[in-house]
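The values are calculated or read from the model by the stated rules, or taken from the named source; none is laboratory data. Here the structure is a predicted model, which means the values were calculated and not measured. Glycine also receives a Cβ, built like all others from the backbone with ideal geometry; neighbour counts cover every protein chain displayed.
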Amino acid sequence: MNMLRELYGQIIMDHYHRPRNRGEIPDADLEEHLLNPLCGDEVTVYANFDGDTVSEVKFSGRGCSISQASASMMTERLMGKSREEAEAEIQHFKNMMVGEEDFPEHDDLAALKGVIQYPSRIKCATLSWTAFQQGLED
Ligand code: FES
């Protein structure tokens, strides 16, 4: 394993073991539950808005290290964003997961790019992002 891949693995494990913004928001403005049909794991994302701005975001559920780390990273990324910015961030991330866009190497989200080598795990990485996207659409 080269140094970069090792570092990326550490970022994923750090978010998995110390998830940011894990929990529930009762009566949230946005609440969306999504099941990964491939494995039965599930995630629920919650957000509150202050006007157009994401003022609080959390996630709950269970799943593999990739899904949990990705959800943790997503909460950090979307906090403070407008709806439009959040939609753009989600699309950017999903584009990376189909090999069409990148994040800079120093960006935590770039750590998940390696997942695209394992097509069956891509859904793990995108689960919470898709849930948030669906929540925004509702
Ligand atoms: Fe279930 Fe990754 S194996 S979300």
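Computed values, structure above
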| read-out | value |
| --- | --- |
| Failed condition for ASP138, given (1) under 15 Å from GLU32 (Cα atoms); (2) surrounded by 15 or more Cβ atoms within 10 Å (Cβ to Cβ) | (2) |
| Condition met for SER60 (surrounded by fewer than 21 Cβ atoms within 10 Å (Cβ to Cβ), under 23 Å from MET96 (Cα atoms) and modelled with pLDDT of 95 or more) | no |
| Any helices (runs of 4 or more DSSP H) falling wholly within segment 1-119 and containing at least 1 residues that are closer than 16 Å to LEU136 by Cβ and either without any contact (Cβ under 8 Å) to a residue 24 or more places away in the chain or more than 16 Å from the ligand (Cβ to nearest atom) (or both) | 65-78, 83-96 |
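Let's see how each residue does on (1) at pLDDT below 95; (2) of a type in the set (D, E, K, R); (3) under 13 Å from the mean Cα position of the chain (by Cα); (4) over 18 Å from ARG20 (Cα atoms):
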site: MET96; (1), (2), (3), (4): no, no, yes, yes
site: ASP108; (1), (2), (3), (4): yes, yes, yes, no
site: GLN117; (1), (2), (3), (4): yes, no, no, yes
site: SER120; (1), (2), (3), (4): yes, no, no, yes
site: THR126; (1), (2), (3), (4): no, no, yes, no
site: ALA131; (1), (2), (3), (4): no, no, yes, no
site: GLY135; (1), (2), (3), (4): no, no, no, yes
site: ASP138; (1), (2), (3), (4): yes, yes, no, yes
